[in-house]
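Heads up: the structure comes next, in C-alpha cells.
Derivation of every value follows stated rules applied to the coordinates shown; laboratory data play no part. Source: prediction; values computed, not measured. Using ideal geometry, Cβ is built from the backbone for each residue, glycine included, and neighbour counts are taken over all protein chains shown.
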Amino acid sequence: MAVAALALNRQLLCLSYPKIRAKSRPWFPQKTTLLNSQKKPHIFIVSCSSSPTSQSPEANVQTAESCVNLGLSLFSKGRVKDALVQFETALSLDPNPVEAQAALYNKACCLAYQGEAKKAAECLRTALRDYNLKFGTILNDPDLASLRTSPEFKELQEEARLGGEDIGYSFRRDLKLISEVQAPFRGVRRFFYVAFSAAAGISLLFTVPRLFRAIKGGDGASDIWETVGNTGINIGGIIILVALFFWDNKKEEEQLAQISRNETLSRLPLRLSTNRIVELVQLRDTVRPVILAGKKESVSSALQKAERFRSELLRRGVLLVPVIWGEGRTPQVEKKGFGVSKKAATALPSIGEDFEKRAQSITAKSKLKAEIRFRAEVVSPEEWERWIRDQQESEGVTPGEDVYIILRLDGRVRRSGKGMPDWSQIVQELPPMEALLSKIER
C-alpha cells in the first residue's frame, strides 16, 4: 500500500487492490502491457483528520481531486450521468496532470457507456497527447469495450500506431518493442547497412577524382578500367545497401501493422453457447479459433462438413467462428449496454465489477472452459468484417472473398487461405491440446 501525505488536509493517497475495493474503478489508469491484461491497482483519495471531531473549513472546498473521487463513486453505483458531470467539473477546476488524466479517462468511460464514441475518443486523444496516458490501458479496460468496436477507435489506434504528435509515441514504442522481440537482429542489420554505406561513400569520394584523372590521362594517371570498376563497386554497394535499408523499414512497418491487427483481433467480442460475452483475448491458451468468413451458403456448408470431424477438432481445441459477409449491415434495433443487444448486455461485466480478477482466477478459467463449445457467435459483426478485410488486403487477397483464418493458442494468426478449410487436413496439422507442441504454442 503506497501512502503519500497531502500538505493542508493531511490526506492520504491509498493504493487499494481489488480484493479490498472490488467494486471501484481505478482513480487513474495504470501502465499495462500491450497484449495481455493484468490486474490494475485501484487508487483512491481519503481524508484523514488529526481530530475525529474537528474539521478545517477548507475540507469542504470542491477540488478536482474530490470531484474525481465522487465521480468514481457514482460510476460504481451505475449513476453514469451524474459521474460524467463530476468528471467535467474536475476538468474545470484547474487540475494537475494526474487529476486531468484521471478525469479525462473516466469521462471517456462514461461517454463510451452512453454510446458517444466520438466524444469518448476525443477525451482519450487529449489524455494520450497531453497527459501521458498509456494506450495499453485503453486496450485492457472492459468499460471501453464498446468503444473498441467503433470506427473512431480504429482511427485512434491507427494514429497511435503511426506515432503521430497528436497522441504521442507510447503505443508505437510498445509496438516496436514487440517487433524487436520478433525480429531481434533488425537493429544490427541496419547498423551494418549504414556503416557499409558510409564506408562506400567515403571510398567513392577518393575514387571519383582518380577516375577523372584516369580519363584525362597523363603521367601518374591510374588505370582507367580498374578505376571504373572500383567506382562501379562503390556506387553499386551504396545503391544495394540503401535499398536494403528502406526494404527493412518497409518490413518493419508491415510487422507493426500486423501486430496492431493482432491486438485489434484480440479485443473482438464473441458470444459463447451460454450467451456469455467474452473478448477473444480471454480465450487465449484455451482454444484455437477458426474464423470462417464468406457468403452464407459457403459458411453453412463448411460448418456442416466440420460436424463430421467434431470430436477430433474438439480434441485440438478448435472453436468455429462463422462471419457472414453483410450480416453487420442489416438494420438493428437500438442497442443498450456495451453496443450489443439488451440480452447480450446482461452477460457483460457490470459497472464496477472486478472483471479482470474474476477472469484470471482459477475458478473463472474452469468455468470459461466449461462454457466453450464447438461454435461461437460473433458480436459486432461489422467490426469482425472490417478486421478480416484489413487482413485480406495485407495478404493481397481481394476483400470480400471467402476465406478462413486459423489462430494459434496464443492468439496470433497461424495461417489463412482462400475458400473454406479442408477439415481432414486441419485435423492432421493441429496437435491435440494435451500434446507437447500445444504446450509450447501457449
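Can you work out the FRET efficiency for the pair residue 418 and residue 251, with r the C-beta to C-beta distance and R0 = 25 Å, to the nearest 0.05?
Working from the Cβ atoms, E equals 0.55.
For residue 114 and residue 205, what does the FRET efficiency come to when R0 = 56 Å and r is the distance between their Cβ atoms, rounded to the nearest 0.05?
Between residue 114 and residue 205 the formula returns 0.30.
Amide H of residue 375: which non-local residues (sequence gap of 5 or more, or other chain) have their own amide H closer than 5 Å, using H built in the peptide plane?
320
Return the whole-Å distance between the Cα centroid of the stretch 198-260 and the Cα centroid of the stretch 80-99.
Rounded to whole Å, the Cα centres lie 60 Å apart.
Report the Cα centroid-to-centroid distance between the stretch 387-434 and the stretch 119-155 in angstrom, as an integer.
So the two Cα centres are separated by 29 Å.
Could you give each residue of the stretch 128-133 its phi-based ³J(HN,Hα) in whole Hz, using Karplus coefficients 6.51, -1.76, 1.60 with θ = phi - 60°, and x for Gly or Pro?
5, 6, 9, 10, 6, 5
Give the average over all directions of the projected area of the C-alpha convex hull of the stretch 386-442, one decimal, in nm².
Approximately 4.3 nm², given one-decimal rounding.
Grab the other residues whose beta carbon is less than 13 angstrom from that of residue 241, score K and R as +1, D and E as -1, and report the net.
+1
Could you order peptides 260-270, 388-398 by the average number of other Cβ atoms within 10 Å of their residues, highest first?
The packing order, highest mean first, is 260-270, 388-398.
For the stretch 97-151, just the Cα set please: Rg and Dmax, both in angstrom.
Cα only, the stretch 97-151: 10.0, 29 Å (Rg, Dmax).
Under a Cβ-Cβ cut-off of 9 Å, what is the net charge of the residues other than residue 418 that fall near it, where Lys and Arg count +1 and Asp and Glu count -1?
Every neighbour counted, the sum reads -2.
Evaluate 2.2 N^0.38 Å with N set to the residue count of the stretch 177-252, then give the Cα radius of gyration divided by it.
1.52
Extension gain residue 440-residue 190, at 0.36 nm per residue separation less the Cα-Cα distance, in nm?
Gain in length upon complete extension: 86.9 nm.
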